[in-house]
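The values are calculated or read from the model by the stated rules, or taken from the named source; none is laboratory data. Treat the numbers as computed from the prediction; the structure is a model and nothing was measured. Note: ideal-geometry Cβ built from the backbone for every residue, glycine included; neighbour counts use all protein chains shown.
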Amino acid sequence: MNRIQNVFKNRKDDQKLMSLFITAGYPDLDSTVDLILGFEENGADIIELGMPFSDPLADGPTIQQSSDVAIQNGNTMNKIFEMVKEVRKHSEIPIVLMGYMNPVLRYGVDKFTQNAEEAGVDGLIIPDIPLEEDGIIKEQAEKNNLNIVHLVAPNTSDVRMKQADENSQGFVYCVSVTGVTGARDGEEVSKSVSRFIERVRSNITLNPVMVGFGIKSHADALDIASNADGFIVGSALIDTIKKHYPNEGWQSELFSFVHSLKFGN
């Protein structure tokens, strides 16, 4: 049992876990560790650390832009592992690397999974690996105690949801709407997500369920994740950084927003 499984095991029944996504190396290389630790202090239960890539097909303009900036800042896979190692000197918060298979293949699957485990990574979310092809990394991931998290969406069939559940460890990532990442109108998401989550709950029985895409407030989180184990926020965080960085106190503004996401104002 790794850190991801432990955080769900210790969750109180009425508690919604909060997973936060940040692109490694955004807005600059030196901030990532401080942001992760600050997120934890303000209520984050899981961190999804984005591996920047030049063609992030599941991401909308906000996270695409953050990836571009991180790449321009000189971020690399080795620097991401160093960031995780630095976090591990201070924290045991579960860390999931989220990104695309191309950089992993270029780095080398065996080397990637080994170095990830040694750095203190707990899981992987790789949206462009179909269920039928996750064998390209699954064996090495399991050998290095890395949970593979698969995604399901409103257009995922019941049969495929069950397959995603069987192939996942840690949790299943429920994409609340079809399309790419990005903050959306809460009412738009809420209307469709409740029916979707009901279907998810009927088909996904082996893993906890986390809901993401479109959450930008505490009210959104409570509404969208009402029948889930927790919620995921990414684009709204990047937008908040973009709004305040590099002004003095930008991290305080961001952490205040994170606190409000988890606990309300």
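If you take the residues of region 130-140 that are without any contact (Cβ under 8 Å) to a residue 24 or more places away in the chain and assigned to a helix (DSSP H, G or I), which of them is farthest from residue 35 (Cα to Cα)?
132
For region 141-176, name all the residues that are more than 13 Å from the chain's Cα centre (by Cα), surrounded by fewer than 20 Cβ atoms within 10 Å (Cβ to Cβ) and outside any loop (DSSP other than H, G, I, E, B).
142, 143, 158, 159, 160, 162, 163, 165, 166, 167 - these are the residues of region 141-176 that are more than 13 Å from the chain's Cα centre (by Cα), surrounded by fewer than 20 Cβ atoms within 10 Å (Cβ to Cβ) and outside any loop (DSSP other than H, G, I, E, B).
Which is surrounded by fewer than 24 Cβ atoms within 10 Å (Cβ to Cβ), of a type outside the set (Phe, Trp, Tyr), closer than 27 Å to residue 136 by Cβ and modelled with pLDDT of 95 or more, of 42, 78? Steps first, answer last, please.
Values: 42 fails: closer than 27 Å to residue 136 by Cβ.
Among 42, 78, only 78 is surrounded by fewer than 24 Cβ atoms within 10 Å (Cβ to Cβ), of a type outside the set (Phe, Trp, Tyr), closer than 27 Å to residue 136 by Cβ and modelled with pLDDT of 95 or more.
Are there any pairs with C-beta distances below 8 angstrom linking a residue in region 165-193 that is at positive phi and at pLDDT 50 or above to a residue that is part of a helix (DSSP H, G or I) and not charged (D, E, K, R), with the two at least 6 apart or on different chains, and if so which?
170/4; 170/5; 170/8
Regarding residue 108, is this residue out of contact with any Leu (no Cβ under 8 Å at 6 or more places or on another chain) and surrounded by 15 or more Cβ atoms within 10 Å (Cβ to Cβ)?
No.
Inspect all residues belonging to region 67-88 and state whether any of them is acidic (Asp, Glu) and within 28 Å of residue 176 (Cβ to Cβ).
Taking region 67-88 first, the residues acidic (Asp, Glu) are 68, 82, 86.
Retained after the next criterion (residues that are within 28 Å of residue 176 (Cβ to Cβ)): 68.
Yes, there is a match, as at least one residue in region 67-88 is acidic (Asp, Glu) and within 28 Å of residue 176 (Cβ to Cβ).
Report those helices (runs of 4 or more DSSP H) wholly inside region 218-265 carrying at least 1 residues which are in contact (Cβ under 8 Å) with a residue 24 or more places away in the chain and over 26 Å from residue 70 (Cα atoms).
218-224, 250-263
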